[in-house]
Amino acid sequence: MKYETVIGLEVHAQLKTNTKIFCSCPTEFGQSPNDQVCPICLGMPGVLPVLNKKAVEFAIRAGLSLNCQISELTKFDRKNYFYPDLPKGYQISQFDLPICMSGHLNVRGKKVRIHRAHLEEDAGKLVHAGAVGLHGSTHSYADYNRAGVPLLEIVSEPDISSAEEAREYLTELRTILRYIEICDGNLEEGSFRCDANVSLRPEGATELGTKTEIKNMNSFRAVERAIKSEVERQTGLLEKGERVHQESRLWNEADGTTHTMRSKEEAHDYRYFPEPDLVPIAVGQAWIDDVKSKLPELPVARRTRYVDSTGLSAEDAYVMTEDKDMSDFFDAALKLGANGKTV
């Protein structure tokens, strides 16, 4: 039997605000552990969060650039779970009223639907000691500098059908976020992180198969390799008549395979409820229109212009627009009368 691959991607993009989403702590990367924390992002009793307006503006900017519907009324919710890197015991996120919904992204002529994009705060970071990696470590340290950093989680529909397509989607998404200057897209520093939901189904079937969630991928190459490895693993199981288990799996770059992290056979009950310390946000059409009027030329429009006005091939236009600085330099050269094909 032949199987087809079904992939959905969840991207966490760190927003380029100067301060965290609910407090005035800085968001600069690489500082000494626990040097950028305060009672608010550490969840101390009696403190209250104050929403960073710039984070909301950046989310609107992203939603418009991704062809989303912007919710004129949105709110925050508490996502309750226990983990050592979550000092409050809950994460402030968005549940039933996300700020952006029902968008799409065109990837090399294919439309990939975007289910939603919502704001949330990042958790802290655990540093494991005594061994390489989590397994075998003897103790762990908690660094809460990242706790409270603003994130935009962008969730695609399961419209992606290959590892190569997943890489192209991520490349295009990162390019757009960089063009609109809301995220630097640095995978190595964790400001652009991706989890992949991968499943297989018989060719021609419409019902989705059992999915696994792949984590710990810190480059586009790693995403592509991890998905290919997981597809091979699931194909082997199905061909032997075995069952694919719903679980989270960690990508191991060293041996090129995924390993079980935790079972997800039973859905987590995060006990979402509205965040009582933050009022709902009335975005309003006037604010949306103002943000829209300030959007820069997006990569897809710039590519079309290059093909139409300079004679570049579609492939050359893609290459030229992957990096905004290079594309801006190209535009400056064109304004000075340079030939588009010889710059």
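No lab work stands behind these numbers, since they all come straight from the coordinates. Note that the structure is a prediction, hence the values are computed from the model and not measured. Backbone-built Cβ (ideal geometry, glycine too); neighbour counts: all protein chains shown.
Using the Cβ atoms and a cut-off under 15 Å, what net charge is assigned to the surroundings of ASP328, where Lys and Arg are +1 and Asp and Glu are -1? Mind showing how you got there, number by number?
Numbers: positive: ARG178, ARG302, ARG303, ARG305, LYS324, LYS335; negative: GLU181, GLU297, GLU322, ASP323, ASP325, ASP331.
Computed value for this residue: 0.
Among the trypsin sites (Lys or Arg not before Pro) in region 153-251, those located in a DSSP loop and surrounded by at most 11 other Cβ atoms within 10 Å of their own Cβ are LYS240, ARG243. On the basis of the beta-carbon distance and an R0 of 35 Å, LEU73 and GLU239 show a calculated FRET efficiency of 0.10. By the Cβ-Cβ criterion of under 4.7 Å, the unpaired cysteines of the chain are CYS23, CYS25, CYS38, CYS41, CYS183, CYS194. One chain, two ends: MET44 and HIS259. Fully extended at 0.36 nm per residue, the span grows by 73.8 nm beyond their Cα-Cα distance. Let's test the formula: R0 of 45 Å, r as the Cβ-Cβ distance of LEU126 and THR304. What FRET efficiency results, to the nearest 0.05? Computed FRET efficiency for LEU126 and THR304 comes out at 0.50.
Quarter the surface of the alpha carbon convex hull of region 1-139 and you get the mean projected area, 13.0 square nanometres. Could you estimate the translational diffusion coefficient of region 3-295 from the Stokes-Einstein equation, with Rh from the Kirkwood formula over C-alpha pairs, at 10 °C and 1.306 mPa s, in whole µm²/s? Approximately 79 µm²/s, per Stokes-Einstein. For the chain, modelled as a GNM whose springs connect Cα atoms under 10 angstrom apart, the maximal fluctuation among LEU278, LEU15, LEU173 occurs at LEU278. If you take all other residues with their beta carbon under 11 Å from the beta carbon of GLN285, and give Lys and Arg +1 and Asp and Glu -1, the sum is -2. Between LYS54 and ILE288, the modelled label-to-label distance comes to 2.5 nm, taking each label 7 Å out from Cα in the direction of the beta carbon.
The relative contact order of region 3-295, computed from alpha carbon pairs under 8 Å that lie at least 6 residues apart in sequence, is 25 percent. Reported to the nearest whole Å, the Cα centre-to-centre distance from region 67-134 to region 138-190 is 10. Here the scattering of region 297-343 is modelled by Debye summation over its C-alpha atoms, one equal scatterer each and no solvent; at q = 0.19 Å⁻¹ the log10 of I(q)/I(0) is -0.49. Applying 0.36 nm per residue to the separation of ASP316 and SER161 and subtracting their alpha-carbon distance, the gain on full extension is 53.3 nm. Its Cα gyration tensor gives region 130-199 an equivalent ellipsoid, and the semi-axes of that ellipsoid, as √(5λ) in whole Å with the largest first, are 28, 19, 11. When the chain is treated as a Gaussian network with alpha carbon springs shorter than 10 Å, the biggest mean-square fluctuation among GLU232, GLU72, GLU275 belongs to GLU232. Near VAL11: Cβ cut-off under 10 Å, other residues only, Lys/Arg at +1 and Asp/Glu at -1. The net charge is -1.
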